[in-house]
1. Just the residues that are open to solvent by less than 50 Å² (accessible area, probe 1.4 Å), outside any helix (DSSP H, G or I) and among the hydrophobic types (A, V, I, L, M, F, W, C), please, taken from the stretch 1-50.
2. Could you check the stretch 83-102 and list, in sequence order, the residues that are touching a residue at least 24 places away in the same chain (Cβ under 8 Å) and open to solvent by 20 Å² or more (accessible area, probe 1.4 Å)?
3. Are any residues in the stretch 103-125 open to solvent by 70 Å² or more (accessible area, probe 1.4 Å) and either assigned to a helix (DSSP H, G or I) or in contact with a Lys or Arg (Cβ under 8 Å, 6 or more places away or on another chain) (or both), and if so, which ones?
4. How many residues does the stretch 54-96 hold that are of a type in the set (Gly, Ala, Ser) and at pLDDT below 90?
5. State all residues of the stretch 57-76 that are among the aliphatic types (A, V, I, L, M) and surrounded by 24 or more Cβ atoms within 10 Å (Cβ to Cβ); if no residue qualifies, say none.
Amino acid sequence: MHAKTRTFHLAIAGMLIAIGIVIPMFSPVKIVIEPASFTLASHVPVFIAMFISPMMAAAVALGTTLGFLLGGFPLTVVLRALTHVIFATVGAYYLQKHNCAPIHSIRSSLPFSFAIGVLHAVCEVLIVLPFYISGAMPQANYDKGFFISIFVLVGIGSVIHSMVDLSISIWLYKPISIVYNRLEAN
């Protein structure tokens, strides 16, 4: 990779990380029902990075985790954000191997979106389980019950949240990709 290309990718990753830090800190659309949290568009920078490359996806996922930490979210939410490295990297490798076929339209991306959403949810459920089992969560989580707290709020909630944010990302990436491809070519 040429130095100019590396610098360009570094700049893009930096911008996506900055956006990913700002979204959870200042979004007016955020719902926290411990152990789950839903911040509209919080995954968008990670998904856009995923459309570009596996390395950028991993870097942006790590950087956006910082946004949740700085945003004062509970430790479970920050650690859940850290798991985005897994689904973002796996998704980016899949898209790279298949020439980004699923991101041409929201409708054609539904199977990919669901698969990534399930991987996303499984990772997040695995993070929350030890906190729940050890009794380290607020009492309200136990009042809701194991199934509701872990599988409905974190599991199903993560799949839906992931799919919504991926749809937003596809919608945003279409015009962004035109500019990105022109800039990368120069």
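The values are calculated or read from the model by the stated rules, or taken from the named source; none is laboratory data. Here the structure is a predicted model, which means the values were calculated and not measured. Glycine also receives a Cβ, built like all others from the backbone with ideal geometry; neighbour counts cover every protein chain displayed. Side chains included, ligands, DNA and RNA excluded: accessible areas come from the protein's heavy atoms. Shrake-Rupley method; radii C 1.70, N 1.55, O 1.52, S 1.80 Å.
1. Ala36, Phe38, Ala41 - these are the residues of the stretch 1-50 that are open to solvent by less than 50 Å² (accessible area, probe 1.4 Å), outside any helix (DSSP H, G or I) and among the hydrophobic types (A, V, I, L, M, F, W, C).
2. Scanning the stretch 83-102 gives Val85, Ile86, Thr89, Val90, Tyr93, Gln96, Cys100.
3. If the condition is that a residue be open to solvent by 70 Å² or more (accessible area, probe 1.4 Å) and either assigned to a helix (DSSP H, G or I) or in contact with a Lys or Arg (Cβ under 8 Å, 6 or more places away or on another chain) (or both), then Leu110, Pro111, Phe114, Val122 are the ones that fit.
4. 3
5. Ala57, Val60, Ala61
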